[in-house]
Structures are given as C-alpha cells and as structure tokens.
Amino acid sequence: MEWLKSNQIQITPPKRPKKITGTRLASVLELDRWNTPFKTWCAITRTYEEPFVDNKYTIAGKTIEPKIIDYLNKVYFFGGLKSPTDIYGEDYFEKTWGDFFPNEKIFGGMWDALYYEDGKISSVIEIKTTKRAEDWTNGAPEYYAIQAALYAYLLGVDTVIMVATFLDEPDYEHPEKFVPSAENTIIDEFKVSERFPYFQNHIDRAIEWWKVHVECGVSPVFDEKKDEDILKELRKNTITADANIESLIAEVKL
C-alpha cells in the first residue's frame with residue numbers, strides 16, 4: 001500500500017473485490033451522509049472494513065422485517081409478495097453468498113422482497129426500520145431510494161415500493177413483540193424512470209468509478225476528518241481481508 005500526495009492510497013488491485021450494492025452505490029455517488037466514497041472503496045477492495053458488531057438497531061431490523069413482509073402480504077399484496085426465503089429457501093444466504101445478481105460483475109446485493117403479478121416481477125420492495133420519522137417527511141430519503149432503484153434496474157422493472165416502519169424505544173428492547181400496522185408503517189411507491197429519469201447516468205458514473213478506483217487500485221480522495229477512524233487503522237498497516245461467511249452475513253444484513 002502506497003500513500004499518495006493527493007490524499008489517496010494505491011494498492012494492488014484486488015482479485016476478488018466486493019460488488020457495488022445498493023447501499024454502496026449511494027456512497028459512490030456521494031449521496032450517503034453516513035458513508036464516504038473512501039470508506040466504501042476500502043470495503044469493496046477489502047483494504048479495511050470496520051468489524052461488524054450487532055446492536056439493538058440491527059437486531060430489531062432483522063427480527064421485525066419478516067413481520068413487515070407478512071403484514072404487507074396480507075394487507076396490500078394479497079399473497080403476491082415473495083421474500084428471499086420464498087425464492088431461495090431457508091438457507092438462501094448460503095446459496096447466494098449474499099448476492100442475488102451473480103451474473104453481474106460490478107453490481108450486486110440483496111433486495112428485501114419482490115412483488116409478482118401474473119407470474120412476473122412487478123416491483124422491488126425495500127424495507128427500513130427506523131426511529132427517525134422526520135427523515136421520511138417527503139418520502140424515502142435519496143440514499144435509500146437509490147438503493148432500491150439499483151435492484152429494480154438490475155431486475156429490469158420500473159416500480160419501487162419503499163416501506164418505512166417507525167419504531168419507538170421499547171420496540172428496540174423487545175422487537176419480538178412488535179406488530180406492524182397502518183399506524184407505524186408507511187409506503188412510498190415511485191417509478192425509477194420518474195424519480196431518477198437519468199438513472200443510467202448514475203450507473204455509468206459508478207462503472208467509471210469502478211474502473212478508476214477498483215480495477216486500478218487507486219482510492220478516492222480521503223477526508224482526514226470524515227475518514228479519521230479508518231485512516232488511523234491503515235496507518236498502523238493493519239489490513240483486514242476477512243471473507244468468511246459469518247462476516248459476510250453480518251455485512252449484508254445491515
């Protein structure tokens with residue numbers, strides 16, 4: 001690893017980089033306020049990634065999401081909704097290794113559910129559990145909408161249905177008791193072609209980013225403040241290349 005004067009680092013291009021998933025696409029496009037392009041590059045190239053630690057928020061999300069799918073299927077989709085388990089089986093992660101798009105070289109990831117009409121995929125469903133209802137005042141935040149739009153693009157459909165379920169503090173303490181309802185769950189449906197009429201430009205930009213930063217091994221410019229924690233680790237010359245199934249499962253279920 002070589003530190004460049006341009007506030008970038010140079011590495012040997014990885015033989016098995018991780019893909020640009022929906023969450024990573026938002027970061028690549030600089031639309032994710034929680035992650036930087038440099039941090040995402042470190043994960044994709046396996047240069048460094050912070051170890052995953054489950055917390056009450058991630059546990060609540062994993063516990064409540066199946067409940068939301070069941071609720072949606074009964075109230076809105078009348079049996080037309082299919083989860084990854086419905087399509088791949090109980091051990092779907094082991095079968096797919098967390099990537100539902102194995103034929104794609106650059107893009108991948110996992111959708112939450114799909115809606116079928118007349119035997120064909122009609123919509124992509126993306127589910128979020130949150131206590132930040134204020135973020136959804138004007139519909140799904142951009143970085144979430146981009147995530148679902150990527151999966152719709154890869155599946156060749158135009159409709160995205162964003163689902164937000166708002167939790168209170170007791171729900172995080174006892175997610176097994178949570179019951180989805182019209183009072184705590186909202187739906188924001190949009191057409192990719194309408195919300196992102198130039199979505200192909202996003203795809204093209206991500207492909208170019210991949211060529212420059214992943215295939216050539218040169219990082220995006222890092223920010224000493226925003227990327228402080230990662231930079232500290234990299235400057236210790238500690239590089240994590242953990243690709244075991246436990247860490248992969250933790251990663252995709254964020």
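The values are calculated or read from the model by the stated rules, or taken from the named source; none is laboratory data. Small disclaimer: the values here were computed from a predicted structure and weren't measured. As a convention, Cβ positions derive from the backbone with ideal geometry for all residues, glycine included, and neighbour counts pool all protein chains shown.
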Count of residues meeting criterion [buried (at least 23 other Cβ atoms within 10 Å of the Cβ) and either at pLDDT 95 or above or among the charged types (D, E, K, R) (or both)] in region 10-25: 4
Qualifying residues in region 31-57 (those that are touching a helix residue (DSSP H, G or I) at 6+ places or on another chain (Cβ under 6 Å) and without any contact (Cβ under 8 Å) to a residue 60 or more places away in the chain) - the one nearest to D171 (Cα to Cα): N35
Residue satisfying all of: in region 58-86; farther than 24 Å from T40 by Cβ and of a type in the set (S, T, N, Q); surrounded by the fewest Cβ atoms within 10 Å (Cβ to Cβ) among these: T85
Single residue of V192, V179, V163, V157 found to be at pLDDT 95 or above, under 15 Å from the mean Cα position of the chain (by Cα) and not small (G, A, S): V163
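Within region 181-212, track down each residue that is within 20 Å of K18 (Cβ to Cβ) and among the aliphatic types (A, V, I, L, M).
Listed by number, the residues that qualify are I203, A206, I207, V212.
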Test for N35: is it among the polar types (S, T, N, Q) and within 15 Å of the chain's Cα centre (by Cα): yes
Residue in region 98-106 that is among the hydrophobic types (A, V, I, L, M, F, W, C), surrounded by 13 or more Cβ atoms within 10 Å (Cβ to Cβ), in contact with a Ser or Thr (Cβ under 9 Å, 6 or more places away or on another chain) and touching a residue at least 60 places away in the same chain (Cβ under 8 Å) present: no
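Sort out which residues of region 91-137 are in contact with an Asp or Glu (Cβ under 6 Å, 6 or more places away or on another chain) and charged (D, E, K, R), and write them in order of number. Steps first, please.
Step one: list which residues in region 91-137 are in contact with an Asp or Glu (Cβ under 6 Å, 6 or more places away or on another chain), which gives 108, 112, 125-127.
Residues satisfying the conditions are D112, E126.
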Neighbours by Cβ (under 7 Å, 6+ apart or cross-chain): first from region 113-130, within 18 Å of Y153 (Cα to Cα); second part of a strand (DSSP E or B) and of a type in the set (S, T, N, Q): Y115/S122; Y115/S123; Y116/S122; S122/T159; S123/T159
Number of positions in region 15-56 that are among the polar types (S, T, N, Q) and in a loop (DSSP other than H, G, I, E, B): 6
Condition check for G89: touching a helix residue (DSSP H, G or I) at 6+ places or on another chain (Cβ under 8 Å), surrounded by fewer than 15 Cβ atoms within 10 Å (Cβ to Cβ) and over 22 Å from K128 (Cα atoms): yes
Residue match in region 115-129 (condition: within 19 Å of A206 (Cβ to Cβ) and within 16 Å of the chain's Cα centre (by Cα)): yes
